[in-house]
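What follows draws every value from the coordinates through simple rules; no lab data is involved. Source: prediction; values computed, not measured. Virtual Cβ from ideal backbone geometry, glycine too; neighbours counted across all protein chains shown.
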Amino acid sequence: MTVETPSLPASRRVAPARNFESLAWLFMRYSAILLIPLVWVHVAIQDVLVGVHAIDLDYVALRWATLSWRVYDIALLAFTFAHGMNGFRNVLNDYVRGARTRRALDWLLLLGWLVISAIGAVAIIGGVRTP
């Protein structure tokens, strides 16, 4: 006597829905991967190689004399702050129940991130003027 096993449906991979929450979840993972080298290189250079006591206005002016350091610092500012704001948004979503309030807070956090990142980028692009 043979026992027949029921045929199993072919497995298929289902793509998750691409909504704001899934994109924010992906951003947190990708930005964390990007932030690890950005932050550790920054720490290694500023704190270990140069030393915090040697950082002054002349050092910053010398560092920002090259475009690559300005781009690096803007990326560090923007990704770090965006990662933090997205984490703050997740914490707020745990406590805020209304959909309209959540949406308003999401827009407010996005606007705050854009304004503060733009101010920081303008400051970095503008550079420093040594007396």
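In the chain, helical runs assigned H by DSSP with n ≥ 4 each contribute -39500 (n - 2.57); averaged across all residues and rounded to the nearest 500, the mean residue ellipticity at 222 nm is -23500 deg cm²/dmol. I'd like the orientation of helix 67-95 relative to the chain: the angle between its Cα long axis and the longest Cα principal axis, in ° from 0 to 90, rounded to 10. Approximately 50 degrees, to the nearest ten. Treating the angle as unsigned and between 0 and 90°, give the value, to the nearest 10°, between the Cα long axis of helix 99-126 and the longest Cα principal axis of the chain. Here the helix axis deviates by roughly 30 degrees.
With N the number of residues in region 57-131, Rg(Cα) / (2.2 N^0.38 Å) evaluates to 1.45. Legend: Rg and Dmax of region 14-79, from Cα coordinates, 16.6, 55 Å.
How many Å³ per residue does the convex hull of the Cα positions in the chain occupy?
Details: hull volume 29.0 nm³, N = 131.
For the chain, the hull spanned by Cα atoms encloses 222 Å³ per residue.
The residue among G120, L110, L77 whose Cα reaches farthest toward the positive pole of the charge dipole of region 68-131, with charges on the beta-carbon of Lys, Arg, Asp and Glu, is L110.
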